[in-house]
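The values are calculated or read from the model by the stated rules, or taken from the named source; none is laboratory data. Given the structure is predicted, the values throughout are model-derived calculations rather than measurements. All Cβ positions, glycine included, derive from the backbone under ideal geometry; neighbour counts span all protein chains shown. Quick note on the areas: whole protein, heavy atoms, side chains included, nothing else; ligands and nucleic acids left out. Shrake-Rupley method; radii C 1.70, N 1.55, O 1.52, S 1.80 Å.
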Amino acid sequence: MKHICPPRIAEHIRGKAYTQNTVGKSGSTVLCFDDMVLKFEPVSEESNREHAMLRWLQGRLPVPQILAAETAGGCNYLLMSRLPGEMACAEPLLQNPQSLAALLAEGLRMLWRVDVSACPHSAMLEEKLRLAEARVAAGLCDMEDTEPGTYGAGGFKSPSALLTWLKVNRPEETPVLSHGDFCLPNLFIGNGKITGFIDLGRSGIADAYQDIALCYRSLHHNLNGRYGGKLIPNADAAILFDALGIRPDWEKIRYYILLDELF
């Protein structure tokens, strides 16, 4: 490995074979060993939050165990146990959308059942919009890899214009535990059960629709082949709402998907 790890982490991984996981868009480097995963990325509020939330979630949800966590050379390093099972975007799971939707719904309920009275981080809109404003000011918001219609004709002129709209149109919030990036690659499934959650840098207290919206978007695009997989014929991501037993609030779904365009 060319990247120089802190000595404590290097002791765990020295001489062990690994593969690099390139699924997802987090911008971090993820190395997968037989029984461990090493994630490292530049120090940021998000990477600091992942370390803190992962510690807090031990015993509350099925999440990786922390084997070592270090900061060195401007990077945060997180060495974790490897979860059993496979990502929810695995093709065999996508081939049975009804079963997958039921598992995704159960994953959401698992989050919402956690008592958030002692949760160390907020991801409510006041906090999210603060972070979004900083990203807009720093020119970090991608205008290319977005949902159709977000920018351009009929959409917003710029991330700054989108941010203004988000501030004016804030919906009411009901606080629950939110994953923050509830996309299919961040949920692991094995033997028909949820085996764990990963990538928790945006987790904290937020409205349930933060996760419902991104889960719906992720399921929709995985079923329609946008991420390079096979198109699943006659599959509609709205089966998620049936699995949750809710009537979707499309205004909130649109709001939280638009908010995620700035992250």
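Considering the range 36-81 alone, what residues qualify as being of a type in the set (S, T, N, Q), open to solvent by less than 10 Å² (accessible area, probe 1.4 Å) and either outside any helix (DSSP H, G or I) or more than 30 Å from Glu133 (Cβ to Cβ) (or both)?
Listed by number, the list holds a single entry, Asn76.
I'm told Met110 meets every condition in (1) within 30 Å of Ala10 (Cα to Cα); (2) surrounded by fewer than 18 Cβ atoms within 10 Å (Cβ to Cβ); (3) in contact with a Leu (Cβ under 7 Å, 6 or more places away or on another chain) except one. Can you identify the failing condition by its number?
For Met110, the exception is condition (1).
When you scan the range 242-252, do you find a residue that is surrounded by 13 or more Cβ atoms within 10 Å (Cβ to Cβ) and closer than 22 Å to Gly85 by Cα, even just one?
Scanning the range 242-252 turns up at least one residue that is surrounded by 13 or more Cβ atoms within 10 Å (Cβ to Cβ) and closer than 22 Å to Gly85 by Cα.
Only residues in the range 242-262 that are over 15 Å from Arg217 (Cβ atoms) count as the first member; pair them with residues that are open to solvent by 30 Å² or more (accessible area, probe 1.4 Å) and part of a helix (DSSP H, G or I), Cβ under 6 angstrom, at least 6 apart or cross-chain, and list the lot.
From the range 242-262, the pairs are Ala243/Ala102.
Mind listing just one residue for me: the one in the range 22-35 that is buried (at least 19 other Cβ atoms within 10 Å of the Cβ) and among the small types (Gly, Ala, Ser) and, of those, nearest to Gly73 (Cα to Cα)?
Ser28
Restricting attention to the range 203-215, which residues are open to solvent by 10 Å² or more (accessible area, probe 1.4 Å) and touching a Leu at 6+ places or on another chain (Cβ under 9 Å)?
Ile205, Ala208
Answer yes or no as to whether Glu11 is over 17 Å from Asn186 (Cβ atoms), touching a Lys or Arg at 6+ places or on another chain (Cβ under 7 Å), open to solvent by 30 Å² or more (accessible area, probe 1.4 Å) and not small (Gly, Ala, Ser).
Against the criterion (over 17 Å from Asn186 (Cβ atoms), touching a Lys or Arg at 6+ places or on another chain (Cβ under 7 Å), open to solvent by 30 Å² or more (accessible area, probe 1.4 Å) and not small (Gly, Ala, Ser)), Glu11 does not qualify.
Out of the residues in the range 130-189 that are farther than 26 Å from Leu94 by Cβ and of a type in the set (Val, Ile, Thr), state the one that is surrounded by the fewest Cβ atoms within 10 Å (Cβ to Cβ).
Here the residue is Val168.
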